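Structure record follows, encoded as structure tokens.
Taken together, the values in this text are just the output of simple stated rules run on the coordinates, not laboratory data. All figures in this text were calculated on a predicted structure; none of them were measured in a lab. Heads up, the Cβs are rebuilt from the backbone with ideal geometry, glycines too, and the neighbour counts pull from every protein chain shown.
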Amino acid sequence: MALEAEDLRHRYGRRVGLERVSFSLAGPGAVAITGPNGSGKTTLLRLIAGLLRPTEGRTRLRVGDAEVPPAERRRWIGLATPDLAFYEELSVAENLSFAAEARGLAAPAQAVAETLERVELAVRGADRVAALSSGMKQRLRLAFALLHRPAVLLLDEAGSHLDEAGRRLVNRVVAAARREALVLIATNDERETGLGDQRIELRGRGLGDPA
């Protein structure tokens, strides 16, 4: 797969969210996206996922020989973001089951079971989400992103609220996913930036030199 951004800009009203970003990436592999708070890391991931429309420029995603338009990227992209909300009164497994059915997965029950194992939440599957700690909820956000085995995995501050065991889990998930998918990790944590083969640094809502 291949992912490109061409002169990408996004504004929230008068506020600049992202300014003049261009890059070309090929997967599988892992890329860290770094930059100070407010530099546009989250905005960039949302533009890639098709959740935001750019003010100017464009992103392009190719899977195999086909270009995937933004409106259809949900099938190919998994996004783990801190603001993902759950049905708090439902169980962990029920939340994932709704997502699996909404995505039209062929074997939703199997996908849920396998994903809970991947994020080490299998023993909490019957628990209400409201009873989970912030760290366990962060694992559940990761599960939502992994559920459909995406070609592109977008992780926004994936290590937030996680203890050392949770961070090791993120490391294992990235190590496994990068063999088959393109993984983008938006973070300022050096423990996570080291997971990337290369680094894209956003400076002042624009693009610095890839490392």
Is it true that Glu164 is over 17 Å from the mean Cα position of the chain (by Cα) and within 28 Å of His10 (Cα to Cα)? no
Looking at Arg139, Arg172, Arg199 in this structure, which one is of a type in the set (Lys, Arg), outside any loop (DSSP other than H, G, I, E, B), free of Cβ contacts under 8 Å to residues at least 40 places away in the same chain and more than 21 Å from Ala85 (Cα to Cα)? Arg172
Sort out which residues of the stretch 14-24 are surrounded by 14 or more Cβ atoms within 10 Å (Cβ to Cβ) and either in a loop (DSSP other than H, G, I, E, B) or β-branched (Val, Ile, Thr) (or both), and write them in order of number. Val16, Val21
Heads up, the strands (runs of 3 or more DSSP E) in the stretch 28-114 (entirely inside) with at least 1 residues that are in contact (Cβ under 8 Å) with a residue 60 or more places away in the chain and on the phi > 0 side of the Ramachandran plot are 29-34
Go through the residues of the stretch 148-159 one by one and say whether even a single one is in contact with a helix residue (DSSP H, G or I) (Cβ under 8 Å, 6 or more places away or on another chain), in a helix (DSSP H, G or I), of a type outside the set (Asp, Glu) and surrounded by fewer than 22 Cβ atoms within 10 Å (Cβ to Cβ). no
Quick one: is Gln110 out of contact with any His (no Cβ under 7 Å at 6 or more places or on another chain) and within 26 Å of Gly166 (Cβ to Cβ)? yes
Test: residue in the stretch 116-126 that is closer than 30 Å to Ala26 by Cα and either exposed (fewer than 14 other Cβ atoms within 10 Å of the Cβ) or acidic (Asp, Glu) (or both): yes
Glu180 is checked against (1) crowded, with 20+ Cβ neighbours inside 10 Å; (2) out of contact with any Phe, Trp or Tyr (no Cβ under 9 Å at 6 or more places or on another chain) and fails just one. What number does that condition carry? (1)
Considering the stretch 111-157 alone, what residues qualify as being closer than 25 Å to Ala2 by Cα and among the hydrophobic types (A, V, I, L, M, F, W, C)? Leu142, Ala143, Phe144, Ala145, Leu146, Leu147, Ala151, Val152, Leu153, Leu154, Leu155
Scanning the stretch 26-62 for residues that are basic (Lys, Arg) and over 12 Å from the mean Cα position of the chain (by Cα), the one farthest from Leu202 (Cα to Cα) turns out to be Arg62
Of Gly50, Gly35, Gly40, Gly27, which residue is crowded, with 19+ Cβ neighbours inside 10 Å and under 17 Å from Arg103 (Cβ atoms)? Gly50
Quick one: is Arg149 over 9 Å from Ala80 (Cβ atoms), charged (D, E, K, R) and under 13 Å from the mean Cα position of the chain (by Cα)? yes
Mind listing whichever residues of the stretch 175-196 are assigned to a loop (DSSP other than H, G, I, E, B) and of a type in the set (D, E, K, R)? Arg178, Arg179, Glu180, Asp189
